[in-house]
1. Could you please give the count of residues in the stretch 159-172 that are surrounded by 12 or more Cβ atoms within 10 Å (Cβ to Cβ) and out of contact with any Gly (no Cβ under 9 Å at 6 or more places or on another chain)?
2. Assuming Met24 fulfils every condition listed in (1) over 23 Å from Val114 (Cβ atoms); (2) of a type outside the set (Ser, Thr, Tyr); (3) more than 60 Å from the chain's Cα centre (by Cα) apart from one, which condition is it?
3. Answer yes or no as to whether Leu122 is out of contact with any strand residue (DSSP E or B) (no Cβ under 7 Å at 6 or more places or on another chain), at pLDDT 85 or above and among the aliphatic types (A, V, I, L, M).
4. With respect to Ala454, determine if the residue is within 24 Å of Ala490 (Cβ to Cβ), loosely packed, with under 14 Cβ neighbours inside 10 Å and assigned by TED's automatic domain parsing to the domain that holds Leu489.
5. For the stretch 118-158, how many residues are of a type in the set (Gly, Ala, Ser) and either surrounded by fewer than 10 Cβ atoms within 10 Å (Cβ to Cβ) or over 19 Å from Thr95 (Cα atoms) (or both)?
6. Give just the number: which of (1) surrounded by 14 or more Cβ atoms within 10 Å (Cβ to Cβ); (2) part of a helix (DSSP H, G or I); (3) within 60 Å of the chain's Cα centre (by Cα) does Glu48 not satisfy?
7. Determine if the stretch 41-61 includes at least one residue that is free of Cβ contacts under 8 Å to residues at least 60 places away in the same chain and more than 23 Å from Asn88 (Cβ to Cβ).
8. Every residue in the stretch 1-26 that is outside any helix (DSSP H, G or I) and free of Cβ contacts under 8 Å to residues at least 60 places away in the same chain, please.
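The values are calculated or read from the model by the stated rules, or taken from the named source; none is laboratory data. If you're wondering where the values come from, they're calculated on a predicted model, not measured in any experiment. Note that we place each Cβ from the backbone using ideal geometry, even for glycine, and neighbour counts take in every protein chain shown.
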Amino acid sequence: MLSYTMKMIIFPLGSLLIIVSSHMLERTSYLMLAIGAGVLFVASILAEGRYPVLRKVHWIFLGVFHYLTELNWCNMLYYMLIMSLIQNKQRVTQTLPISIILMLQYTAIRLSYVPIDAYTLLVSLFDMITAVVIIFLYHTLINSEAEKRRLREKNQFLTLHDPLTGLLNYEGYLGVIKQVVEERRSFTLILLSIQNFNGFSQEVEANWCTVIKDTGNRIRERFADAHGISRYAGDRFAIIHPEIKDIDERMLSLLSEKLQGLQVVYSTSTYPAEAASHQQLMTIAEDRLLRQQRSKWLKNEEETFRSERLRSVGELAAGMAHEIRNPLTAIRGFLQLSKGQAFNIAPWYEVIMGEVTRVTDLTAEFLQFSKPQANHMKPEQLAHCLERVMSLTESDAVSRGHRITLEMTEQPVVVNMDRDKIVQVLINLIRNAFEAMTDPGEVHIDLLHDGDRALISITDTGSGIPAQMITKIFNPFYTTKEEGTGLGLALCQKIVQDHQGKIIVKSIEGSGSTFTLYFPLVA
């Protein structure tokens, strides 16, 4: 706490004032000896830096000086000496004994030249208490300064480091890369991006933190000789590494480790071979990383599409096999019955032919659903398409006792379409609406113009669709009809999607349903 400059001022000046005061007050009979003791005391203080052993004899010189000057004002020098001797000690058990011993020395010498009475004894007790208080104030100050220093160091660390991994943050990363560039040292900048956090729940923050922290530890272990390692932008890491030949081997070793289902892409750039400044170097590395990420993303999308396509093919094949097995089982049973009647199938001919027709219709719909459609699209007005649909479905509506109405906007609504396919979709949806109404009801068709889209809505007053079924009605082979194949709505959805459109279903059970078709308009 006492600097060398303070010691050079306080101790010589204090000793000089005490000698002068003692002489003026005629308290000392040994002025030259007092001056000599004062000089030795000050000299031991000033020379302790070169000769640390002198710290052990300060109290002797001060005691002699005090005894010869016979002034209580020496207590200031005692307090200052206490502060000088304890400034490098952190515990009370180290500082309190020094303080008490010096104050006992001061008290003993003081009692040698003053009358011993109650006042003197109380003053001595007060001096002892003052020394103890000073010690505790000293430790309070020391602890406060230590806490401030720790906070400053922590704040400085957090300013430049990531609190989760302990690696550099983006600001620290920039500082290191600038410093290395300024020192003209060649190095390699490696950027890593963590993608596709499989194998843990992204909703649980603790798991995400664990993955990032473990990944940072693996990178730190693998690149222990790096100039700096940084984590920034959440899931990116940067490694500023001396330019060596085994960078790729280290990266392969790192990526071959089990990183909890992580997908890691990385890029490298070197200084000064590829860039003249740190900004240019970082730009090159970031551009390469983005290309790597895009390539990885496209590959993942292709794999996902392939797996979804295979899954769909499997579902279609399973559904097709199941649907065909039922009529084939019936045909087989009737043929076995005919064996007992000399293979006379006349009694079951109609049933067998009905099942054969069912198989034929099923395979025809399946082929229509699965095979690529020829492209006969051209810009046409939806109004013409709807008028044709009305002419084809009015008689069916009348025969069932239903009423069908059409309302169209006066604006021309032109869509790029295969008219026959759209007619097929609309007829299928309208017939489904007819079948959904057990009692005479109404089917209303609307054609609307909504911004850059055309809307066709088909609303019925039937029994509606239960909420748990709406998400399944477009699945192949899902049907609630006894004679249905379950491919009708799936085929409708496929045709609409081929026209860059979509179908939305809204239904209230017991009140009816609305199927809305959206198509992009032709400018």
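1. First pass over the stretch 159-172, keeping only residues surrounded by 12 or more Cβ atoms within 10 Å (Cβ to Cβ): 160-162, 164-172.
Checking which are out of contact with any Gly (no Cβ under 9 Å at 6 or more places or on another chain) leaves us with 169-171.
Residues flagged as surrounded by 12 or more Cβ atoms within 10 Å (Cβ to Cβ) and out of contact with any Gly (no Cβ under 9 Å at 6 or more places or on another chain) within the stretch 159-172 amount to 3.
2. Condition not satisfied by Met24: (1).
3. Numbers: out of contact with any strand residue (DSSP E or B) (no Cβ under 7 Å at 6 or more places or on another chain): yes; at pLDDT 85 or above: yes; among the aliphatic types (A, V, I, L, M): yes.
Against the criterion (out of contact with any strand residue (DSSP E or B) (no Cβ under 7 Å at 6 or more places or on another chain), at pLDDT 85 or above and among the aliphatic types (A, V, I, L, M)), Leu122 qualifies.
4. Working: within 24 Å of Ala490 (Cβ to Cβ): yes; loosely packed, with under 14 Cβ neighbours inside 10 Å: no; assigned by TED's automatic domain parsing to the domain that holds Leu489: yes.
When the stated conditions are applied, Ala454 does not pass them.
5. Taking the stretch 118-158 first, the residues of a type in the set (Gly, Ala, Ser) are 118, 124, 131, 144, 146.
Going one step further and asking which of them are either surrounded by fewer than 10 Cβ atoms within 10 Å (Cβ to Cβ) or over 19 Å from Thr95 (Cα atoms) (or both), we end up with 118, 124.
Result for the stretch 118-158: 2.
6. (2)
7. Quick first cut of the stretch 41-61, residues free of Cβ contacts under 8 Å to residues at least 60 places away in the same chain only: 41-61.
Remaining after also requiring more than 23 Å from Asn88 (Cβ to Cβ): none.
No, the conditions are met nowhere in the stretch 41-61.
8. Narrowing the stretch 1-26 to residues outside any helix (DSSP H, G or I): 1-3, 25-26.
Correct list: Ser3, Leu25, Glu26.
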